[in-house]
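Below is one structure, written out as structure tokens; the observations come after it.
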Amino acid sequence: MNKRAAEFVSSYQGMIALLALLVVLWFAPSALSAAGLSTLVLALFYAIGGVSFNFLYGSLGIFSLAQPVFIAVGGYTSIFLFNRFGVSPWLSLLIAPVIAAILALPVALVATRIGGGAVLTALVTLIIAEAVTPILIAITPLGGAIGLYAKSPPVITFGDMQFASGLTYVRILAVINVLFIAFWMWWKRSRFGLFTAAIKDSPEAAEAAGIANGRLRLSVFLIAAMLAAPAGVIFAQYNLLTSPDIFLGGTALFQIITIALVGGAARPWGSLVGALLIVYVAQEVSNLSGSNPAAEPVTFAGVFVIMVLIVPRGLSGTWARVVAQRRPDRGGALSAIGDGTARSGSAQAHSGTVSAAGGTVSAGSETSVASEQTDAQVVPGQTRPT
Amino acid sequence: MYFGQLLVLGLLDGAVLSLVATGFTLVLGVGKIANFAHGAFVAVGMYLGYEAYVAWHISPYLTLLPALVFFALIGWAVAEVFEQRGRKVGEVGELLVGLALLLLINGLLELFFTDNPKTLSGVNIGGVGVFGITIQLTQIVAGIFAFALAGGLHVFIHTSRWGRALRATAEDPTVAGLYGVRVPVAQRAAVTLSIIVAGLAGVMIAPFTVLTPDIGTTFLISAFAVVVLGGIGNTQGAVLAGLFVGVVDSLAAGYLSSYWTTLTPLIIILGYLLIRPGRVTA
Amino acid sequence: MTAKRPFIAGLGAACVLALAACSSSGSTSASSTSGTGSASNASTSTKSVTVCEVTDLSGSQDVLTVSEAGGGAAAASIINAAGGIKSLGGAKIVIKKFDTQSNPTMGSTEANAAVSAGCKAIFGGEITDTVMAGTLVTHRSGIPWVDIGGIGDAVHERGFNDVFQLLTTTSLAQGYMDELQQVATQFHLSHPTIGLSVSDTTYGQDFYTAWTKLNSATHQFKVVSNVSYPLGTTDLSSVAARMVSQKPDILFNMGYPPDGIALTSLFKKTFHTSAVAFFSTAEAPVAMSQLGSLADGQLFENTAPPGTSANLSAFNSAYKTATGQAPAIEAWEGYTAVAFIGAALEKAGSTSGPAIAAALHSVTLNSSNGDIYPQDLTFASDGVLNTPPTYWQQDQAGKLLFVAPASLKQASLISYAG
């Protein structure tokens, strides 16, 4: 196969794989019991939240604990509009992300201004997330601490997004998951992906190269918020209720990032894998322990601890490393070992600037390896692959 | 009268907050690690004090000494883990370790003590009447303890040789190393010290605080806000800011609504950003 | 070629994981059955009826559900020992349990699991949100649910004809209102004032709304201070300060049981109130053990049936056999729910959901079919229990004495201020 054909095929490989995933998620779950479907709904819901977090974290290294807030926005928007104005939740799937983006703006401004790295951003976004609950409760039309119960119409139509079986919800969530993963894959290949990789690597160099740091940062934050909202819409319709506790309660705040981090930010499918893994593990632990009070939090914590000690980059990050190490000379990966010269195409890493930002790094998907952390030290005059 | 009540209660709360914040500012400013689990260690101390009393009828004040040893050991172990992971995977590594610890401690506390809030009402050493209310001596003792410890730390850091080593490490680890300071040891010591402080604070406040497993997160957030206000690495600032926040919280809860206690940390951070739009640095 | 392999492999792993997990998920959620009167997976047998307990067996509410489960098990064992459901050929009641983990998002999950497991009727529930989510599922499958602890009025306000509540916030508020009136009368308070605090949660807000509605009929009680506090507030000192600041006649906390305990500690040790009564939802045994003499004068609402009827004795021994302990907390509610279901099955003579639901609406629980209370119990047309039993007790110098209703009164009220 000649090079051009190979490139053509490779750039569509991902899409084909995604379609295969969608087909599996569409048909396979019909074999599940109602209980299994409910669990799958939960897992897919978490997965979307994880994508939102990992998109932000993977692209720009921003560790945001505020993503559950935007999921809550989705839930509240959907049920509020449904109750008050009879707006179909399908429409809310489009409206909620807009509202989430608007509300994300101040959060983004605060989170990006804080500086000081991932930890301080994490702390600040945690504070913001915790502060949202009392604010939400104070807004009376949103139901206070009770939240909002969706009205159950006498005759259920498709437009109400209320279905007898969880299977339909699974399918909807699966489609959303696949769409988001596809989006992320596209993003990585696009120049935006290169820009964010450049910013992550060296903000000053990126700025010097003409990339609008501030605007791009904000945009990524807003996009991440918009990715989170649909999860809330679907979940709220599934449960027909939304409340501060469901989305912003103590454990809920940390569940999304646990799944996101266990899945890893290196690959778009990371959250999905992480979510499936953790939710089913948590179920099993809960069953095995009988009715042990702390089964769920301990499971989440335990998985997290294991991840931190053994695979700190998450499953997909470790996978990416394995892949990169097995094929160090192929695929245009900005090699993590050595002097950081990309081997394929014309990507040359010069003194600190990803000068290939203009688009000569044609080895599309492998560039994603560049967006994960490696052990390489920063040595002046050479690019550190991020 | 009402104001006086709120003021006194706020000062006492603030003293404890000061202590927790001093520990946090140490680990943040000197250890250069933002220990997400800092508040969780306070929670561990609280439950330790509770369990010792309920199971073996040992007063929290007697528990202090064994607790000191306990937290010193734990602290050193935790510092090791931070060191290992933090240096290997970068800053995110320390965040992950902190988070992992926080989740783990919350989960284990819930496992052993359940979610139900626990009150330790049995420890009663009398009280002092002021502004029409009786302030429990347990609270006053905790406040004095907090001050003493925070003050002691401050003096230690600013006058002793070891303290100078810590301060040098905080300012510039490389240069400190050149001057013969064993930087890794100093940093580990800072982390250990902060955990000891957190744990002991927890033991002291057990007699008058309602215990829940996830109270660690609340302490973390409050401590962070206080540290931001007082300056990272500034032990004196931590004490003053702690008192201030304690009083403001109490007054806000008393005159406005309890919701303000959740919003106060956010307002502090936002205010800080507005007034000093630069980055939050040590 | 470069993107293909890792991605496909990753995809394959995800699928394998998903399918493997999915295929084993048929056995998830259905945990083991309780002590007596239950066998494993007996829903295939023709001589048994599966009744399911969908409730918070773990998490923050688990303290309540242990007793609830014990009560349910006791009811089942008594019914089975007496020959089972005779109109169904002596079918025995088998109880299966499903854990919603004190997490409302598990409501629909576990309800689905229960439906899949062939439950004919469901009882249980501690959190209103959980029951709301779960009953949506069960209603669509036509399976009746007798809700025990999810007392929000919203549960029956949806108008589902197969959802029943033993207690709602309205009936709870009514019970408190009745006792408030007794206090006002006893202490000759012509314009009684109340220092109020409300836990800002579904339950607290519901309680407050229901009680305020009752009070607005006569405006008998004047609320002179009203403070609400978020869920998870553990430092209630400012709440206590505000409650006593206007020197009210009565202190009233609409929160969770631990809040009542924390507040009593504060009122007695720090704030020295002169109020004649303190109403909270604290439970007598827990409060008295944690607070000791500090609990003197505190009022406790008690739902334990008084007296010594034959049914009650049978229940006490069955409960002891099932759990090894004396009944407490929600034992009687758990029992009553299953007793009702048993009576409905008997009346309906069928295991179809709608038939059971219709029977629940029309059946009366009295001394002949297992009622452990002195009064007969029936459900109103909206699914709420008519006049749920409430009894009031007060800690008087370490002794827990009945102060209401009049038929049980052992002592007059004493002042909380001591």
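The values are calculated or read from the model by the stated rules, or taken from the named source; none is laboratory data. These numbers come from a predicted model, not from an experiment. No Cβ is skipped: glycine too gets one built from the backbone with ideal geometry, and neighbour counts run over all protein chains shown.
Comparison of B:Gly202, B:Gly177 shows that the only residue that is over 30 Å from C:Pro258 (Cβ atoms), touching a helix residue (DSSP H, G or I) at 6+ places or on another chain (Cβ under 9 Å) and not aromatic (Phe, Trp, Tyr) is B:Gly177.
Restricted to helices (runs of 4 or more DSSP H) entirely inside segment B:155-262, those with at least 3 residues that are under 14 Å from B:Gly14 (Cα atoms) and small (Gly, Ala, Ser) are B:215-230, B:235-255. Of the residues making up segment A:38-46, one or more are closer than 18 Å to A:Ile181 by Cβ, out of contact with any Lys or Arg (no Cβ under 8 Å at 6 or more places or on another chain), modelled with pLDDT of 90 or more and hydroxyl-bearing (Ser, Thr, Tyr). For segment C:144-167, a tally of residues being crowded, with 24+ Cβ neighbours inside 10 Å and either away from chain A (no Cβ under 14 Å) or under 28 Å from A:Ser165 (Cβ atoms) (or both) returns 13.
Taken over segment A:258-276, the criterion of being more than 14 Å from chain C (Cβ to nearest Cβ) and either more than 18 Å from A:Thr125 (Cβ to Cβ) or over 9 Å from the mean Cα position of the chain (by Cα) (or both) is satisfied by A:Thr258, A:Leu261.
Being within 14 Å of the chain's Cα centre (by Cα) and within 13 Å of chain C (Cβ to nearest Cβ) is the filter here, so list the residues in segment B:207-238 that pass it. If the condition is that a residue be within 14 Å of the chain's Cα centre (by Cα) and within 13 Å of chain C (Cβ to nearest Cβ), then B:Ile215, B:Gly216, B:Thr217, B:Thr218, B:Phe219, B:Ile221, B:Ser222 are the ones that fit.
For segment C:372-408, filtering for residues that are more than 18 Å from the chain's Cα centre (by Cα) and among the polar types (S, T, N, Q) leaves 6.
Applying the set (1) at negative phi; (2) in a loop (DSSP other than H, G, I, E, B) to C:His361 leaves exactly one unmet item: (2). All of (1) part of a loop (DSSP other than H, G, I, E, B); (2) free of Cβ contacts under 8 Å to residues at least 12 places away in the same chain; (3) at negative phi hold for C:His188 with one exception: (3). Of all the listed residues (B:Ala34, B:Ala52, B:Ala43), the sole one being of a type outside the set (D, E, K, R) and not in a helix (DSSP H, G or I) is B:Ala34.
Summed over segment A:35-86, the residues that are without any contact (Cβ under 8 Å) to a residue 60 or more places away in the chain, out of contact with any Asp or Glu (no Cβ under 9 Å at 6 or more places or on another chain) and buried (at least 24 other Cβ atoms within 10 Å of the Cβ) give a count of 1. The number of residues in segment C:179-217 that are among the β-branched types (Val, Ile, Thr), under 24 Å from the mean Cα position of the chain (by Cα) and at pLDDT 90 or above comes to 3. For segment C:359-377, how many residues are among the acidic types (Asp, Glu) and surrounded by fewer than 15 Cβ atoms within 10 Å (Cβ to Cβ)? The total comes to 1. Restricting attention to segment B:79-100, the residues that are surrounded by 19 or more Cβ atoms within 10 Å (Cβ to Cβ) and either among the small types (Gly, Ala, Ser) or at pLDDT 90 or above (or both) add up to 5. Tallying residues that are assigned to a strand (DSSP E or B), farther than 18 Å from C:Ala331 by Cα and not β-branched (Val, Ile, Thr) within segment C:71-99 yields 2.
Against the test of being buried (at least 23 other Cβ atoms within 10 Å of the Cβ), away from chain B (no Cβ under 14 Å), in contact (Cβ under 8 Å) with a residue 12 or more places away in the chain and closer than 26 Å to C:Trp145 by Cα, the options C:Phe300, C:Phe315 yield a single qualifying residue, C:Phe315. If you take the residues in segment B:83-123 that are among the acidic types (Asp, Glu) and over 30 Å from A:Ser286 (Cβ atoms), which one is farthest from the other protein chains (Cβ to nearest Cβ)? Per the stated criteria, the residue is B:Glu83.
Quick grid of which residues meet (1) touching a residue at least 12 places away in the same chain (Cβ under 8 Å); (2) surrounded by 21 or more Cβ atoms within 10 Å (Cβ to Cβ); (3) not aromatic (Phe, Trp, Tyr):
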residue	(1), (2), (3)
A:Asn239	no, yes, yes
A:Phe247	yes, yes, no
A:Ala252	yes, no, yes
A:Ile257	yes, yes, yes
A:Gly263	yes, yes, yes
A:Trp269	yes, yes, no
A:Val273	yes, yes, yes
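If you check A:Ser316, A:Ser286 for being free of Cβ contacts under 8 Å to residues at least 24 places away in the same chain, assigned to a helix (DSSP H, G or I), over 19 Å from B:Leu102 (Cβ atoms) and within 10 Å of chain C (Cβ to nearest Cβ), only one passes: A:Ser286.
Of all residue pairs spaced 6 or more apart or on separate chains, those with beta-carbon atoms under 8 Å, a first member in segment B:124-136 that is at the interface with chain C (Cβ under 9 Å from one of its Cβ atoms) and a second member that is hydroxyl-bearing (Ser, Thr, Tyr) are B:Asn124/B:Thr138; B:Gly127/B:Thr134; B:Gly127/C:Thr270; B:Ile133/C:Thr270; B:Thr134/C:Thr270; B:Ile135/C:Thr270; B:Gln136/C:Thr270. With respect to C:Ala241, determine if the residue is under 23 Å from B:Leu263 (Cα atoms) and out of contact with any Asp or Glu (no Cβ under 7 Å at 6 or more places or on another chain). It is true that C:Ala241 is under 23 Å from B:Leu263 (Cα atoms) and out of contact with any Asp or Glu (no Cβ under 7 Å at 6 or more places or on another chain).
Among the residues of segment C:279-288, at least one is at pLDDT 85 or above, within 19 Å of C:Asp200 (Cα to Cα) and outside any loop (DSSP other than H, G, I, E, B). With the condition kept exactly as written, say whether any residue in segment B:102-119 is surrounded by 19 or more Cβ atoms within 10 Å (Cβ to Cβ), within 19 Å of B:Thr212 (Cα to Cα) and hydroxyl-bearing (Ser, Thr, Tyr). Yes, there is a match, as at least one residue in segment B:102-119 is surrounded by 19 or more Cβ atoms within 10 Å (Cβ to Cβ), within 19 Å of B:Thr212 (Cα to Cα) and hydroxyl-bearing (Ser, Thr, Tyr).
Return yes or no: is B:Ser160 more than 19 Å from the chain's Cα centre (by Cα), small (Gly, Ala, Ser) and closer than 25 Å to B:Tyr53 by Cα? No, not satisfied. Among residues of segment C:336-356 that are within 26 Å of C:Ala304 (Cα to Cα) and in contact (Cβ under 8 Å) with a residue 12 or more places away in the chain, those with a Cβ under 9 angstrom from a residue that is in a loop (DSSP other than H, G, I, E, B) and of a type in the set (Lys, Arg), sequence gap 6+ or separate chain, pair up as C:Ile341/C:Lys120; C:Leu345/C:Lys120. Residues in segment A:283-293 that are of a type outside the set (S, T, N, Q) and surrounded by fewer than 24 Cβ atoms within 10 Å (Cβ to Cβ): A:Glu284, A:Val285, A:Leu288, A:Gly290. Taken together, the residues in segment B:163-182 that are of a type in the set (S, T, N, Q) and more than 24 Å from the chain's Cα centre (by Cα) amount to 1.
Exactly one residue among A:Leu227, A:Leu222 is away from every other protein chain (no Cβ under 14 Å) and closer than 30 Å to A:Lys151 by Cα, and that residue is A:Leu227.
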